[in-house]
Amino acid sequence: MRKTKFLFSAMLAIARVNFVKNCRIRLDSIMINRMLSLIMAVTLVSVTASAQDKHVFVGATLGTQGTGDIFFKGANVSMEAGYYFKGLDVSAYVGFYTNNWGRTVHNDISHSDFQGRVEFNKNLDGKGNVSELALRLTIGYDFLHFIKGNWRHHLTPYIGLGYAQKRVTKNEDSVVNGLAFSSLSEQINNGFEFTIGGAYDFNVVEHWSIGLFFEESMHIRERDIIGLRTRYIF
């Protein structure tokens, strides 16, 4: 009888020890899983924050004349590639603008009595085509970068400096020695150009953003452009 009680007590003690061990193992496993989850979450947040603070991007824009008598006439397309570092936005830009043939480009009358042959030179129908090419380096700063937890909204004023070429082609009618004739003339201007503008971008998902921009170019093109832009963030 005593042996039976002893054996029963020993088995009960062993069962208790095993139960306690199992509970400890389960608790340790739960704690380890929670710690691993916390570490992964912190790592993910850190990686995301790091990606928001610095990344490489490529982008494209589609715009049109922003103001003036040819508002919403013609098209401006461009591509860019750049680097974003803690709010600082630096990119290389190439853009092309053209208007529709038949838009008013010049409507001037010029007079010359050179050897008495040319009586006048006039763009009678006021029709012509403008094409422009721009290459520049753009530097901007995202002022919404300081908002804690913000990764979707970006407000970036910027300036640009680069090279531009403007080509104007138009129809001209002239009278020489009493004879009228029509000709196609072309004028080309090129040189350094300064641009100032601003953009608002919204990150739809982690790697894609869409936005609006407005900019004005001075010296060569003398044109302002308004439009849409999109970026892919690596």
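Worth a mention:
- Summing charges over all other residues whose Cβ lies under 14 Å from the Cβ of R221, with Lys and Arg as +1 and Asp and Glu as -1, gives -2.
- With both labels modelled 7 Å from their Cα along Cα-to-Cβ, the E222 to N150 distance reads 3.8 nm.
Here, each number is a calculation from the coordinates, and none is a lab measurement. Just so it is clear, the structure is predicted and the values come from calculations on it, not from any experiment. Note that each Cβ is placed from the backbone with ideal geometry, even for glycine, and that neighbours are counted across all protein chains shown.
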